[in-house]
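K.L.:
Structure below; questions to follow.
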Amino acid sequence: MNLSIATGLLAAPPRGGSVFSPPADPPEDPPAAPGSSATVLAIVPAAHWHAGSAAATLAEGRVLAAGSVTGPGVTAGAEGLGPLAMSDALGRGFWRFTGGEYLDVGAGLTFANRAMATFAVGRMLSGNVAVFGPGNRTGYGAGPTTANTGGAALDTSTSGSLAPYVRGFSRGAQLDAANGHRIIAGAQLQLMGAVSRSTAGGGTRLHLNTATAAASQPSINASGVIGAEIGRYPHSPGSSWARMDLYELVVFDRVLSDAEADAVAAALVANWAIPEVTSQLVLEGDSISAGVGLEAGEAPAHRLGEPGTGRLPGHYRVYHVANSGNRVSHMLVRRDAAGSWATALLPGENVMAFEIGRNDFAAGVSAAEHRDNVVAYLHSEATGVMQRGWQVRAIANIATGSSLQPQVEDWRALLRAPAFAADIGAGPGGAFEGQFAIVSADLIEQDGATVFATTADTAGSPWYQGDATHPSAAGALLRVTGADTPQHGIAWGLV
């Protein structure tokens with residue numbers, strides 16, 4: 001019989017030591033991410049929902065029913081289609097509304113629209129989002145209980161080329177000339193709130209994290225409104241379906257004082273560790289920047305604000321105002337509208353990134369004419385983007401089909417010529433030197449190959465939707481991050 005003994009057991013112990021070491025302590029579980037548990041509130045609300053901890057019944061990943069922290073539970077809307085139950089990069093649960101579903105709030109709530117308050121932790125995936133609306137299309141045995149309350153209790157709206165200001169019953173933060181610029185919702189995680197009261201009680205008070213703005217009372221005085229819906233305005237559901245990620249929602253069925261509202265907002269912000277918003281990134285342009293053809297959460301602004309990814313600093317808000325089919329002329333209208341994104345400067349960095357040109361070229365505009373139009377948009381007395389105080393990132397256009405690719409390449413060359421920066425006042429010695437940069441999206445590489453440089457890159461590419469124009473979900477993400485060449489991504493240098 002042969003015996004072998006591991007030599008390690010025969011080794012002499014170190015001087016003063018022992019052959020055996022005590023077992024190491026088991027590793028501690030990492031601390032839970034902020035917001036993993038529902039916010040503890042000193043003031044008891046009428047209803048409180050927390051997506052990450054709610055006991056929920058799901059079907060194919062969608063919420064059929066979910067419990068509450070306080071008050072009634074929720075069920076999928078009358079069509080039976082609830083929001084998607086998802087988790088972010090930090091493992092925190094949320095409900096994603098994609099523009100075609102809502103939640104029906106259970107029985108037991110009655111509201112007056114001049115005596116209630118709504119607070120939501122989430123992120124907006126559209127400029128027009130109805131978070132919570134009193135009234136109910138289904139009813140509770142006595143038919144629908146919808147009432148014209150003048151809009152949702154908490155929503156955002158970009159109607160009239162406004163930035164996506166937070167609103168309560170159609171009273172938006174833009175009405176506060178001194179503070180409204182702080183109360184704009186974005187695709188990053190934030191706390192939004194609307195406190196609704198009569199004029200005698202202080203009118204409307206709007207919240208974005210711990211910042212506030214004031215507006216007048218709702219124009220309609222509705223009371224005895226039974227029930228509620230999450231994700232749309234019950235009185236006019238066809239025009240107000242939500243595209244949002246909802247993490248936590250708190251509703252009060254009485255008047256809150258300023259001090260009470262501030263305490264609720266502070267508790268929610270602290271629980272989720274949400275930084276104050278002091279800087280911003282706004283995406284302008286056409287369907288490429290808007291993310292047409294992509295699902296909720298896949299557009300460039302959504303990817304930039306995705307919680308837990310670190311693609312933007314925590315103190316930034318990010319949203320897009322780009323629209324399908326747009327040309328420089330459309331951007332001019334938005335720039336100059338009262339209450340537009342261009343008027344809402346924050347005390348930190350104000351950055352606008354844009355890609356424009358494909359639709360202009362399709363309409364017969366030459367690259368040289370396009371250059372002059374863009375220069376006038378960026379640099380004109382009093383109204384120019386540069387004059388308004390914005391840092392500008394011009395995104396070099398990604399490749400397109402062969403019929404328009406020559407104009408795209410001519411425009412890229414004109415954009416990169418020193419004369420362009422000089423003509424917008426951002427050249428050496430110019431008034432806006434240091435406030436202009438080119439994002440070379442056309443030079444992005446993945447696995448050593450270009451992605452958006454030439455028409456050949458669009459053919460059969462997983463980075464395009466098949467139309468040689470619009471990035472796919474994967475392509476849109478590459479355009480944000482820069483892939484193997486992060487210096488060519490939209491947010492390079494902001495983190």
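K.L.:
Which is farthest toward the positive dipole end of the chain among V408, I444, L249, measuring Cα position about the Cα centre, with Cβ charges +1 (Lys, Arg) and -1 (Asp, Glu)?
P.N.:
L249
K.L.:
In Å, what Kirkwood hydrodynamic radius results for region 305-435 from the alpha-carbon pair distances?
P.N.:
Over region 305-435, the inverse of the mean reciprocal pair distance is 15.9 Å.
K.L.:
Next up: Percent antiparallel among DSSP beta bridges with both residues in the chain, to the nearest 5?
P.N.:
In the chain, approximately 75 percent of DSSP beta bridges are antiparallel ones.
K.L.:
Just want the answer: with Cβ charges of +1 for Lys and Arg and -1 for Asp and Glu, which residue in A337, G475, A421 is farthest toward the dipole's positive end in region 324-476?
P.N.:
Checked the options; the winner is A337.
K.L.:
In sequence order, what are the phi-derived ³J(HN,Hα) couplings for region 331-339 according to the Karplus relation 6.51 cos²θ - 1.76 cosθ + 1.60 with θ = phi - 60°, rounded to whole Hz, with x for glycine and proline?
P.N.:
Karplus values, whole Hz, x for Gly and Pro: 5, 4, 4, 5, 4, 9, 6, 5, x.
K.L.:
Related question: Would you mind working out the magnitude of the charge dipole of the chain relative to its Cα centre, with +1 at each Lys and Arg C-beta and -1 at each Asp and Glu C-beta, to the nearest 20 Debye?
P.N.:
With only Lys, Arg, Asp and Glu charged at Cβ, the dipole is about 920 debye.
K.L.:
Could you list the square roots of 5 times each eigenvalue of the Cα gyration tensor of region 156-233, that is, the equivalent ellipsoid semi-axes, sorted largest first and rounded to whole Å?
P.N.:
20, 16, 12
K.L.:
Additional query: Which log10 I(q)/I(0) values does region 176-321 give at q = 0.10, 0.11, 0.15 Å⁻¹ under the Debye formula, counting every alpha carbon as one identical point scatterer?
P.N.:
Taking Cα atoms of region 176-321 as identical point scatterers yields -0.41, -0.50, -0.93.
K.L.:
What is the set of long-range amide H partners of L58 at a cut-off below 5 Å, with H atoms built 1.01 Å from backbone N?
P.N.:
Correct list: L64.
K.L.:
Also, I was wondering about something else. How much FRET efficiency would the formula 1/(1 + (r/R0)^6) give for A431 and D372, where r is the Cβ-Cβ distance and R0 is 22 Å, rounded to 0.05?
P.N.:
Rounded to the nearest 0.05, the efficiency is 0.65.
K.L.:
Also, quick follow-up: Quick one: if the Förster radius is 41 Å, what FRET efficiency do A422 and S324 give, using the C-beta to C-beta distance and rounding to 0.05?
P.N.:
Working from the Cβ atoms, E equals 0.80.
K.L.:
Restricting things to alpha carbons, find the Rg to Rh ratio for region 376-495 using the Kirkwood radius for Rh.
P.N.:
Reported Rg/Rh, Kirkwood definition of Rh: 1.02.
K.L.:
Taking R0 as 51 Å, what's the FRET efficiency between E28 and A78 from their Cβ-Cβ distance, rounded to 0.05?
P.N.:
0.60
K.L.:
Roll a 1.4 angstrom probe over the protein heavy atoms and tell me the percent of accessible area of region 339-485 that is carbon or sulfur.
P.N.:
Its accessible area is 53 percent carbon and sulfur atoms.
K.L.:
What order do you get for 36-48, 64-76 when each peptide is scored by the mean count of other beta carbon atoms within 10 Å, highest first?
P.N.:
64-76, 36-48
K.L.:
For region 200-282, just the Cα set please: Rg and Dmax, both in angstrom.
P.N.:
Taking only Cα atoms of region 200-282, I get Rg and Dmax of 15.1, 42 Å.
K.L.:
Could you list which residues have their amide H under 5 Å from that of L154, counting only those 5 or more apart in sequence or on another chain, with H placed in the peptide plane?
P.N.:
V131, F132, F169
K.L.:
Pull out a ≥ b ≥ c, the square roots of the eigenvalues of the alpha-carbon gyration tensor of region 296-374, then state rounded if a/c is under 1.5, prolate if not and a/b is larger than b/c, and oblate in the remaining case.
P.N.:
Prolate shape, in that a/c is at least 1.5 and a/b is the bigger ratio.
K.L.:
Over the chain, with the other protein chains present, what is the accessible area per residue in square angstrom, probe 1.4 angstrom?
P.N.:
Counting only protein heavy atoms, the per-residue value for the chain is 39 Å².
K.L.:
Determine the calculated [θ] at 222 nm for the chain from helices alone, applying -39500 (n - 2.57) to every DSSP H run no shorter than 4 residues and normalising by the residue count; nearest 500 deg cm²/dmol.
P.N.:
That calculation yields -4500 deg cm²/dmol at 222 nm.
K.L.:
For the chain, what mean projected area does the convex hull of the alpha carbons give, in nm²?
P.N.:
Mean projected area for the chain: 34.8 nm², to one decimal.
K.L.:
Going by amide H atoms built from the backbone, whose H comes under 5 Å of the H on F436, apart from near neighbours?
P.N.:
V392
K.L.:
Can you compute 3J(HN,Hα) from phi for each residue in region 392-400, using the Karplus curve 6.51 cos²θ - 1.76 cosθ + 1.60 with θ = phi - 60°, rounded to whole Hz and x for Gly and Pro?
P.N.:
Result, rounded to whole Hz: 10, 10, 8, 8, 4, 4, 6, 5, 9.
The values are calculated or read from the model by the stated rules, or taken from the named source; none is laboratory data. Bear in mind that the values here come from a model prediction, so they are computed numbers and not experimental data. FYI the Cβ positions are ideal-geometry reconstructions off the backbone, even for glycines, and counts take in every protein chain you see. To get the accessible areas, we keep the full protein, side chains included, count just its heavy atoms, and leave off ligands, DNA and RNA. Shrake-Rupley method; radii C 1.70, N 1.55, O 1.52, S 1.80 Å.
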